[in-house]
Amino acid sequence: MADPVIVGESLTQKFGTRTIFRDVSFTVAPGEIFVILGGSGCGKSTLLRQVIGLLPPTAGRVSVLGHDMYRDAEAVRERIGVMFQSGALLGSMTLLENVMLPLSMLTDLPEPACEKVARVKLALVGLADAAALMPAEISGGMAKRAAIARALALDPELLFLDEPSAGLDPITSAGLDKLILQLRHDLGSTFVVVTHELQSILAIADRCLMLDKAAQGVIAMGDPKVLRETSTQPVVRAFFRREAMDTAA
Amino acid sequence: MALAAKQALTVERSGAETVLRFAGPLDVAATAQLWSRALREAAKLRGQKLTLDLAGVPLCDTAGATLLLEIERLQGAPVTMTGATEKVAAVLAQTKAATAQPTRAAPPPAQSWRSVLSDAIGVAAGGVAFLGEVVVAWVRLPSRLRLFRLSDLLRQADQAGVQAVPLVVLLGTLIGLILAFQSLIPMRQFGADIYVASLVAIGLVRELGPLLAAVVLAGRSGSAFAAEIGTMKVNQELDALDVMGLDPVTMLVLPRLLAGLVVAPMLTVVMNFSGLIGMSLVLVGDGIPLVAIGNQVAYWVVPKDVWTGLGKAALFGAVVAAIGCRAGLNTGVGPRAVGLSATAAVVGGIVAAIVLDGGFAVLFYQLGI
């Protein structure tokens with residue numbers, strides 16, 4: 001079996017005296033679509049920020065593509081792509097310029113080549129016609145796809161997507177799921193996706209890690225379809241069966 | 001909103017036991033009427049055997065249930081509740097369960113002089129760290145030239161400089177005019193009207209020109225830098241730059257810093273000329289010939305005054321821009337944070353310019369400049 005591309009060991013995050021999660025350990029295999037899931041406020045995005053090197057963990061360590069994200073992150077930056085929850089497109093640039101940004105800043109490609117590559121990436125996510133539009137002129141779904149195109153700009157080995165389906169209608173959301181599966185098939189990239197959209201999880205995930213706010217850590221890990229059928233954890237069962245929990249308990 | 005329902009509370013004592021008998025719906029309106037009296041009665045009966053008779057209560061909402069539970073809390077011991085209908089009992093049980101949930105949020109720690117001092121040290125350390133980051137970005141700029149966008153520098157210089165010219169002309173003219181008017185009255189008593197020209201000119205060129213240009217820069221551009229970068233932070237655009245390996249300080253801070261450094265002396269020149277024009281209008285109106293005013297200014301204002309003024313302006317411009325950018329980079333979470341950053345940029349920029357100007361005044365005096 002190939003070496004894992006991400007290794008998280010005993011990751012803990014505290015803000016002041018408040019513990020978000022503790023002792024979270026996991027690995028992600030090459031080519032895998034790994035989903036971090038859980039209810040609102042359980043620390044999914046916080047864990048993602050730790051993994052991509054934006055938030056130093058209170059304890060534990062994370063290595064991505066063999067590099068420690070807090071000592072050697074520079075070595076990894078050009079090999080990963082990140083799509084943030086809001087899209088985080090630079091508002092003063094067109095979609096084409098946004099996708100060109102990492103190409104023109106981090107590679108020696110001449111400007112026309114950067115533009116051509118950026119147009120290919122936009123076409124990959126179905127936005128070939130929207131290259132000249134500004135982020136303020138496009139819908140939420142288009143912004144997310146443009147953000148994926150920018151994340152894909154340098155052909156990264158690893159793509160991190162934070163809540164790609166959040167705030168989207170079911171059809172657009174399903175389209176994004178299809179796009180993720182297609183990109184994995186075409187490019188062979190590894191995906192780490194943070195979401196709590198059940199349909200998306202079941203559609204795309206090879207494996208998932210479930211965080212829980214009350215447990216302050218991981219309560220389940222594995223194939224989501226198997227977890228849905230076999231888990232005995234009340235929270236896991238409730239999540240996959242869309243059942244309400246007794247919040248007073 | 002619920003209508004004020006008719007609700008009665010009677011207190012019956014029989015031996016060691018007291019019964020609080022409620023009659024009528026116990027909704028939010030009725031609870032509002034009963035709250036003080038019911039709690040007063042409960043406080044009097046603390047520790048005694050107490051029964052709440054709810055047989056006459058056809059409905060009860062969360063407010064009513066909260067009142068009953070508050071009575072129980074004040075009593076200090078479980079009270080007997082009798083006669084509650086199924087619906088009333090259900091609301092009571094639900095409210096009790098919700099009240100019993102532990103609240104995780106700890107109360108905010110009280111502000112002590114130690115925490116204030118620690119915050120102040122933190123802010124100062126943050127300032128030093130930012131200064132260090134800027135210096136490192138400058139040093140590493142030759143190897144990261146492609147991150148430095150010339151178009152961004154020109155855009156910032158246009159917004160901070162060219163677009164500020166009308167405001168600077170207006171302010172400069174008015175300041176010159178006011179200074180001349182105010183100086184003319186006492187100077188005329190000594191027959192020294194002509195010296196108003198030299199007084200105002202030296203004051204403008206050495207002190208007021210650079211200082212007012214810095215104030216305009218802080219108000220217009222420092223706040224704009226903070227708001228623009230702050231919004232980028234709120235929208236995760238800075239995170240996106242970070243994970244792409246693009247240094248936000250080189251990409252966003254350096255062009256603004258350079259723009260501030262370059263446009264502040266230029267705005268100072270415009271401010272100085274406008275002030276001299278305003279002053280001339282007053283003095284010409286007072287009957288002093290324009291040639292005499294010109295000669296007076298040329299005689300008293302020496303090149304050293306101009307260069308020190310412009311040098312100070314350049315430093316003020318860079319500091320105001322840096323404070324604006326830092327406020328933007330330090331923006332917190334949520335829509336209020338951007339407003340707070342813009343305010344911090346304006347206040348910080350103006351205070352820093354005045355403090356620096358005070359320092360320069362002392363320094364130049366000591367050096368005899």
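Readers should treat all values here as calculations from the given coordinates under stated rules, not as data from a laboratory. Nothing here was measured: the structure is a model prediction, and the numbers come from that model. Backbone-built Cβ (ideal geometry, glycine too); neighbour counts: all protein chains shown.
Contact order normalised by length for chain A, with contacts defined as Cα pairs under 8 Å and 6 or more residues apart; what percent is it?
Over chain A, the number comes to 24 percent.
Could you work out the relative contact order of the stretch B:132-367? I mean the mean sequence separation of Cα pairs under 8 Å and 6+ apart, divided by the number of residues, in percent.
34 percent
Which of rounded, prolate, oblate describes the protein assembly as shown, given a ≥ b ≥ c as roots of the alpha-carbon gyration tensor eigenvalues and a/c under 1.5 marking rounded, otherwise prolate only if a/b is larger than b/c?
Since a/c reaches 1.5 but b/c is at least a/b, the shape of the protein assembly as shown is classed as oblate.
Please report, in cubic angstrom per residue, the volume enclosed by the convex hull of the alpha-carbon atoms of the stretch B:157-198.
56 Å³
Could you please rank B:338, B:169, placing first whichever residue has the fewest other Cβ atoms within 10 Å of its Cβ?
Fewest-to-most Cβ neighbours within 10 Å comes out as B:169, B:338.
By counting other Cβ atoms within 10 Å of each Cβ, how are B:49, B:233 ranked from fewest to most?
B:49, B:233
For residue A:6, enumerate residues with amide H under 5 Å from its amide H, sequence gap 5+ or separate chain, H modeled in the peptide plane.
Under 5 Å from the amide H of residue A:6 lie the amide H atoms of A:28, A:65, each far enough along the sequence or on another chain.
Cα convex hull of chain A: mean projected area in nm², to one decimal?
Value for chain A: 14.5 nm².
Looking only at other chains, what is the average number of their beta-carbon atoms within 10 angstrom of each beta-carbon in B:242-252?
5
GNM, chain B, Cα, under 10 Å: largest mean-square fluctuation among B:199, B:69, B:290?
Answer for the Gaussian network model of chain B: B:69.
Restricting to Cα pairs below 8 Å that are 6+ residues apart, what does the relative contact order work out to for the stretch B:8-99? Please round to a whole percent.
30 percent
In degrees from 0 to 90, rounded to the nearest 10, what is the angle of the helix A:95-106 Cα long axis to the longest principal axis of chain A?
Roughly 90 degrees between the two axes.
Once you have all Cα-Cα distances for the stretch B:8-99, histogram them in 5 Å bins from zero and send the whole-percent values.
Each 5 Å bin holds this share of Cα pairs: 3, 15, 28, 28, 19, 6, 1.
Near the amide H of residue A:133, under 5 Å away, which other amide H atoms are found, from residues 5 or more places off or on another chain, if H is placed in the peptide plane?
Placed amide hydrogens put A:95, A:96 under 5 Å from residue A:133.
For A:67, A:185, which order do you get if you count the other beta carbons within 10 Å of each Cβ and list the fewest first?
Exposure proxy ranking, most exposed first: A:185, A:67.
Peptides A:84-97, B:30-43: what's the order by average Cβ count within 10 Å, highest mean first?
The peptides rank, most packed first, as A:84-97, B:30-43.
Taking the 0 to 90 degree range and rounding to the nearest ten, how far is the long axis of helix B:165-189 tilted relative to the main principal axis of chain B, both from C-alpha atoms?
70 degrees
Can you tell me the dipole magnitude for chain A around its Cα centre, using point charges on the Cβ only (Lys, Arg +1; Asp, Glu -1), in Debye to the nearest 20?
Charge dipole of chain A: 580 debye, to the nearest 20.
Could you give me the ³J(HN,Hα) list for the stretch B:88-99, computed from phi with Karplus coefficients 6.51, -1.76, 1.60 and θ = phi - 60°, whole Hz, x at Gly and Pro?
Ordered by residue, 3J(HN,Hα) equals 5, 4, 5, 4, 4, 5, 5, 5, 5, 5, 5, 5 Hz.
Provide the percentage of antiparallel DSSP beta bridges, counting only those with both residues in the protein assembly as shown; round to the nearest 5.
If I count the DSSP bridges inside the protein assembly as shown, around 50 percent turn out antiparallel.
Once you average over the residues of B:17-30, how many Cβ atoms of partner chains fall within 10 Å of each Cβ?
Rounded to a whole number, the mean comes out at 0.
Quick check: the distance between the Cα centres of the stretch A:150-180 and the stretch B:307-369, to the nearest angstrom?
So the separation of the two Cα centres works out to 43 Å.
Using a 10 Å cut-off around each Cβ of peptide B:228-241, what is the average number of partner chain Cβ atoms that fall inside?
Across the residues of B:228-241, the mean count of other-chain Cβ atoms within 10 Å is 5.
Determine, at each q value in 0.08 (inverse angstroms), the log₁₀ of I(q)/I(0) that the Debye formula gives when each Cα of the stretch B:132-367 is one equal point scatterer.
Values returned for q = 0.08 Å⁻¹ are -0.36.
What's the whole-number percent of alpha carbon pairs in the stretch B:166-230 lying beyond 18 angstrom?
Pairs farther apart than 18 Å: 48 percent.
Provide the FRET efficiency to the nearest 0.05 for the residue B:340-residue A:45 pair, computing r from the beta carbons and using R0 = 22 Å.
0.40
Based on alpha-carbon centroids, what's the gap between the stretch B:247-284 and the stretch A:1-28 in Å, whole number please?
What the calculation gives is 51 Å, centre to centre.
Would you please give the residues with an amide H less than 5 Å from that of residue A:217, counting only those at least 5 places away or on a separate chain, with H modeled from the backbone geometry?
HN-HN under 5 Å from residue A:217: A:22, A:212.
Hey, what do the phi angles of the stretch A:38-48 turn into as Karplus ³J(HN,Hα) couplings, whole Hz, using 6.51/-1.76/1.60 and θ = phi - 60°, x for Gly and Pro?
With the stated coefficients, the stretch A:38-48 comes to x, x, 4, x, 8, x, 4, 5, 5, 4, 4 Hz.
Looking at chain B as a GNM with Cα springs under 10 Å, which of B:27, B:158, B:247 has the largest mean-square fluctuation?
The residue that fluctuates most here is B:27.
Nearest-5 percent of antiparallel DSSP beta bridges in the stretch B:8-99?
Bridges in the stretch B:8-99 are about 40 percent antiparallel.
HN-Hα J couplings of the stretch B:266-271 from phi, Karplus 6.51/-1.76/1.60, θ = phi - 60°, integer Hz, Gly and Pro as x?
These are the phi-based 3J(HN,Hα) values: 5, 5, 5, 4, 5, 4 Hz.
Over all alpha-carbon pairs in the stretch B:129-259, figure out the percentage whose distance exceeds 23 Å.
51 percent
Of the beta bridges DSSP finds with both residues in chain B, what % are antiparallel, to the nearest 5?
Close to 40 percent.
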